[in-house]
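The values are calculated or read from the model by the stated rules, or taken from the named source; none is laboratory data. What you are looking at is a predicted structure, and each value in this text was computed from that prediction instead of being measured. When we count neighbours, we look across all protein chains shown, and the Cβ atoms used for this are built from the backbone with ideal geometry, even at glycine. Heavy atoms of the whole protein, side chains included, go into the accessibility calculation; ligands, DNA and RNA do not. Shrake-Rupley method; radii C 1.70, N 1.55, O 1.52, S 1.80 Å.
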Amino acid sequence: MTIMNNTESTFLLGYVEQALGASQDPLDPPISVSCNGSLAKWRDKLNFIDIRVNDPGLKQDKEAFEKMLEKTQELGIEAILTLPEFIGKSHKVPPLPNSNSTSSKQEDEKIRGKRKIYQRPERLVHFRPCYLSIPTALKGNKIYTQLNVEDCLPIIEMGAKYGVKNIIVPVSEPGQFIDPLAEKQFKKSLKVICEEASKTGMKVLLRNGGISAPVFKKIAKEFGVGLAYNVGIALLECDNIVEVYNQNSEYIKVVMFQQLIQGLDKWVSKREETEKSLKEMLKAEKDYNKGLADKDLPYAEKVLIRYNDAYYAYIDANKNNLYNLGLFQNGDLNIIPLLKDIHKDIEQGKTRYLLLETVPNTKNNDIIMRYVVPDNFTGRF
């Protein structure tokens, strides 16, 4: 929690919220402190929330984000905003096969299998990454979308309206480093973002991932930005986490303890599977609609089996149980040395926001608090 002692050191403990827009989330199961009631339950155990605004330009779910900002104000919880990193596009969910259709019982069971019965959503939302600048090596890759700086300005404006003091800008995807050409484009957009943010005293923080240390320091010097250091992404990019933290301590304000897939190979594999199954689903949808248009119901019902297969394949591909495990819970990352250095910085009077990218969990809280609470702290938290 927020701790202020004789040296005026401060740290805040927070959680991520990235399932606000239409209750959708790039992760499955989602990380949300509001959709499952955790926000009210945990309001005395967290100081801030990092709200991931996966709605460029606030064109679809502005009301949901504003309600969240209003709620955090009421509860005395600080809000940090993160600019869009994903763009969601909705697709139709296939209807279940007609029980009276010509499809065999065996084919029908192939779809349902031993799955738990659940309420199907009306739409399936597929997320694709978007950034202010795409590395040249990824140009032309349809998976990635260029984020327009104009779509960031309404988010900054909304943040200013509700007194947001920090805004995070994802630079690039882990392992996909921006090159000189992409850096030029990124700086062009960042300049506009920094100018707008500075009008209300909002601090801009770049998130690591796809940006080298020399490039970050050059940009930090030019624009006066800070750093939101994600240790999960750092792990993927093979950083010496403690060393990099100490080298950039003067820039770091937020430290993120992220639940992330172990290794870029699994990261890439997951994306390939979701893209492949979505492509199959859209193709089956097209064939199904053609069968209906031609009034060839036996063909349409046959295709509907394939349509549902592709839908379930997408659901399976998008699920990732590894996301539920903290990197420091399952042994992939030993954060104790890092927490000890954060502890030293806090005692020296530096402010640190410690962000847990999980649904609130007492075990996570206990680990963090055990190592970062200042030695001379005598109050309660």
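Modelled spin labels at residue 348 and residue 184, positioned 7 Å past Cα toward Cβ, are 3.8 nm from each other. A Förster radius of 56 Å, combined with the Cβ-Cβ distance separating residue 370 from residue 282, puts the computed FRET efficiency at roughly 0.70. Each part gets one Cα centre, and for region 55-98 versus region 161-187 those centres are 20 Å apart. Here's how it looks for residue 203: its modeled amide H is under 5 Å from those of 166, 167, which are all 5 or more places away or on a different chain. Close amide H partners of residue 91, meaning residues 5 or more places away or on another chain with modelled amide H under 5 Å apart, are 124, 125, 126. Computed from label points 7 Å out along Cα-Cβ, the spacing between residue 299 and residue 269 is 3.9 nm. Per q in 0.25, 0.26 1/Å, what log10 I(q)/I(0) does a Debye calculation on the alpha-carbon atoms of region 121-199 return? For the requested q values the scattering log ratios are -1.17, -1.22. Computed from the Cβ-Cβ distance with R0 of 22 Å, the FRET efficiency linking residue 217 to residue 192 stands at 0.55. Taking the Cβ-Cβ separation of residue 149 and residue 240 as r and a Förster radius of 30 Å, what is the calculated FRET efficiency to the nearest 0.05? In this case the efficiency is close to 0.35.
For the residue pairs 203/253; 218/344; 139/319, alpha carbon separations beyond 20 Å are given by 218/344; 139/319.
Taken along the Cα-to-beta-carbon direction at a fixed 7 Å, the label points for residue 292 and residue 63 span 2.8 nm.
Counting protein heavy atoms only, region 49-103 has 42 percent of its accessible area on carbon and sulfur, 1.4 angstrom probe.
Hey, for a label at residue 74 modelled as a point 7 Å past Cα toward Cβ, could you say which residues of region 33-61 have their backbone N under 16 Å away? What the label zone holds, given the 16 Å backbone N cut-off, is 34-44.
Of all aspartates and glutamates in the structure, the ones whose alpha carbon falls short of 18 Å from that of residue 279, not counting any fewer than 8 places away in one chain, are 287, 309, 316. Each residue of region 41-83 gets 68 Å³ once the volume of the Cα convex hull is shared out per residue. Based on Cα atoms of region 121-167, Rg over Rh with Rh as the Kirkwood radius reads 1.12. In terms of overall dimensions, the C-alpha atoms belonging to region 147-283 reach 47, 40, 31 Å along their principal axes, ordered largest to smallest.
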